[in-house]
1. Can you compute the helix-only [θ] at 222 nm over the chain? Use -39500 (n - 2.57) per DSSP H run of at least 4 residues, normalise by all residues, nearest 500 deg cm²/dmol.
2. Relative contact order for the chain: what percent, with Cα pairs under 8 Å and sequence separation of 6 or more?
3. Non-local amide H neighbours of Glu69 (under 5 Å, H modeled in plane, Pro and chain starts lacking H): which ones?
4. Could you give the nm distance between label points at Ser65 and Arg85, where each point is 7 Å from its Cα heading toward the beta carbon?
5. Provide the per-residue ³J(HN,Hα) series for region 41-54, in order, calculated from phi with Karplus coefficients 6.51, -1.76, 1.60 and θ = phi - 60°, each as a whole number of Hz, with x at glycine and proline positions.
6. By how many degrees, between 0 and 90 and to the nearest 10, does the Cα long axis of helix 2-25 differ from the longest principal axis of the chain?
7. Roughly how many whole Å is it from the C-alpha centroid of region 16-35 to that of region 81-121?
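Please treat every number below as a calculation from the coordinates, not as lab data. Since the structure is predicted, the reported quantities are computational estimates derived from the model, not experimental observations. Don't worry about glycine lacking a Cβ; one is built from the backbone with ideal geometry, like all the others, and counts go over all protein chains shown.
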Amino acid sequence: MKKILAIIILTIVILFGSWYAAVYYTSYSKGVRSGELIKFSNKGVLFKTWEGEISQGISGAQIFSFSVEDKNKEVIKKLKDFQGRYVKLTYIERFATVSWLGDSNYFVIDVVEEKSPHFRK
């Protein structure tokens, strides 16, 4: 009986580990989006994650939500500094998300400040 229970638990652990590795290390897509950084916060009750939004239109009708992993300290610092400015985000999209990584499937890996196309002379 103990051997069967051990095999079941080991199978569950291996399946979860395989699923997590596939979600974390396999990217569905990579891309770049630009817009005005309208929100960036560290939120959560059990797991604190960095979440943000950029507005991709003048009216704010197109909102792009994203997450940033805690290990990307430089990206987090830049996003705090660029609040309210026009930015270009480089991101990877994952198949799924895990609650301790972020709320979104889009994870920002780089950010640069851009000139807004709305206020060019």
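1. On the way: 2 runs with 33 residues, N = 121.
Result for the chain: -9000 deg cm²/dmol, rounded to the nearest 500.
2. Details: 216 pairs, mean separation 32.2, N = 121.
Taking the mean separation of contacting Cα pairs over the length of the chain, I get 27 percent.
3. Residues meeting the amide H criterion: Val108.
4. Here the modelled spin labels are 2.6 nm apart.
5. Values, residue by residue: 8, 9, 10, x, 9, 7, 10, 7, 10, 8, 10, x, 9, 10 Hz.
6. On a 0 to 90 degree scale, this one is about 20.
7. If we compute the Cα centre of each part, the gap is 15 Å.
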